[in-house]
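One structure below.
The values are calculated or read from the model by the stated rules, or taken from the named source; none is laboratory data. All of these numbers come straight from a predicted model, not from anything done at the bench. No Cβ is skipped: glycine too gets one built from the backbone with ideal geometry, and neighbour counts run over all protein chains shown.
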Amino acid sequence: MTTLHDFPTVPAFGHLPTPEGVDVVGIDLPVGRLTAYRVVPAGESKGTVLIVPGYTGSKEDWRTFMPLLGRAGWTAVAITRRGQADSARASGPQGYTLDEEAADVVRVAALLDDGAPVHLIGHSLGGVIVREAAIASPESFRDVVQFCSGPYGWPYRKVAELTILHDTGGNLRQLFDSTNPLWAYRPDEELPDDPRFVRDRFDAHDPASVIAGGHILEDHTDSSAELRATGLPVLVTHGEWDGAWPIPWQRQMAEDTGAAYEVIPTSYHGPQVENLAATLDTFDRFLSAH
C-alpha cells in the first residue's frame, strides 16, 4: 500500500492551467522548498514514481502526462529541481553540483512512501542526476528509468549557451531570445501558450543552476558500471528521433548497465509530450515488472 507525506498545497507556476486531478505541492528540503506535481490514483496504487526533470525544465514538462500516470494506477510526483522556476535557489554555484542535485532526489524519495523504495525516472539531465542518486542510495529505489539521457557529456557541448550567460551576466531572457529566434523579443500577447510559459520559466530560473547544469552536461564521466553494480533494474528509453545524445551512445549505455532498452516511436526529446500513449505503455510495462 502506498502512503504519501502530507505535503502542503502551493500556488501553480505560470499561466498554464493545472490539469484536473493534479495537485501542486511543496516539498521542504534543506535547500528550501521544492515544488512538485502529484497525482494519486482513484483506486489501489501500483506504486510510487518519482520524476526528475532536465536541464532547463521543471515539473511542468510533465503537465499533460501526469494525469495519465494517475489513471494507469500510479502514484506519481514530478519535482521542479532546486534553482528551477518556483523551487528554492541554492546559496551559490556550489549548491548545484551533481552530488547536491542527487542528494535532493534521495531526500524526496524518503518522504514519498514511508521511506519505502520508489520507482525513479529521470529525463535528460535528470537522467544523469537520478543515476547518481541511485548509485549513492540504491536502497531508496525499486528501479531506474534513464529517459532521453546518455552515459556522459562532451566538452563544449553547451558552449554557446554558457557564453551567452557569461557575456550577459546571467541574463536568461537573452538566452531564451538567442535560442528561440521565432519568439524572440515579442510581447506576451503575441506568444502561443507554450513558448510564453518557457520564456517565463527562463526568467524564473537561477542562472547559477543553468550554468552548473551546462557544465554537468559537458562532463565526460561515465558511471554506467557503478549503476549496474547497484543491481537495480534499469530501463534506457528515448524518442525515435532524440537528438540530445547520440542514439548509439544511449543504446551502448543500456548494454553497459544491463538495462532494458526501448525506442519510443514518432517522438524526439520529449516523448512524454510528443507520444503520450507509447511513453505511458513503455513506463507502465517496465515499472509494473518491479
| remark: Across (1) surrounded by 18 or more Cβ atoms within 10 Å (Cβ to Cβ); (2) in contact (Cβ under 8 Å) with a residue 40 or more places away in the chain; (3) of a type in the set (D, E, K, R), ASP222 clears everything bar (1)
| field | Residue within the range 152-160 that is part of a helix (DSSP H, G or I), of a type in the set (Lys, Arg), out of contact with any helix residue (DSSP H, G or I) (no Cβ under 6 Å at 6 or more places or on another chain) and farther than 19 Å from ALA260 by Cβ present | value | no
| field | Cβ pairs under 9 Å, 6+ apart, first in the range 111-139 and within 19 Å of GLY47 (Cα to Cα), second among the basic types (Lys, Arg) | value | ALA116/ARG142; PRO117/ARG142; VAL118/ARG142; HIS119/ARG142; LEU120/ARG142; GLY122/ARG131
| Do the conditions hold for SER124, that is, is it out of contact with any His (no Cβ under 8 Å at 6 or more places or on another chain) and either modelled with pLDDT under 95 or among the polar types (S, T, N, Q) (or both)? | no
| field | Failed item in (1) surrounded by fewer than 17 Cβ atoms within 10 Å (Cβ to Cβ); (2) part of a helix (DSSP H, G or I), with GLY214 passing the rest | value | (1)
| task | Among residues belonging to the range 119-140 that are buried (at least 24 other Cβ atoms within 10 Å of the Cβ) and over 20 Å from THR221 (Cα atoms), point out the one that is nearest to the chain's Cα centre (by Cα). | result | ILE121
| field | In the range 12-63, the residues that are surrounded by fewer than 21 Cβ atoms within 10 Å (Cβ to Cβ), among the basic types (Lys, Arg) and assigned to a strand (DSSP E or B) | value | ARG33
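Residue-by-condition table, conditions (1) touching a helix residue (DSSP H, G or I) at 6+ places or on another chain (Cβ under 6 Å); (2) touching a residue at least 60 places away in the same chain (Cβ under 8 Å); (3) on the phi < 0 side of the Ramachandran plot:
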| position | (1), (2), (3) |
| --- | --- |
| PRO192 | no, no, yes |
| VAL198 | no, no, yes |
| GLY214 | yes, yes, yes |
| GLU226 | yes, yes, yes |
| PRO233 | no, yes, yes |
| VAL236 | yes, yes, yes |
| query | Could you say which residue among LEU175, LEU165, LEU235 is assigned to a strand (DSSP E or B) and either buried (at least 17 other Cβ atoms within 10 Å of the Cβ) or of a type in the set (A, V, I, L, M) (or both)? | reply | LEU235
| Contacts under 7 angstrom Cβ, first residue in the range 64-83 being closer than 21 Å to LEU29 by Cα, partner modelled with pLDDT under 95, 6 or more apart | THR75/THR2; THR75/LEU4
| query | Within the group PRO181, PRO195, which residue is farther than 30 Å from GLY73 by Cβ and outside any loop (DSSP other than H, G, I, E, B)? | reply | PRO195
| query | How many of the residues making up the range 77-118 are over 13 Å from the mean Cα position of the chain (by Cα) and within 23 Å of THR237 (Cα to Cα)? | reply | 5
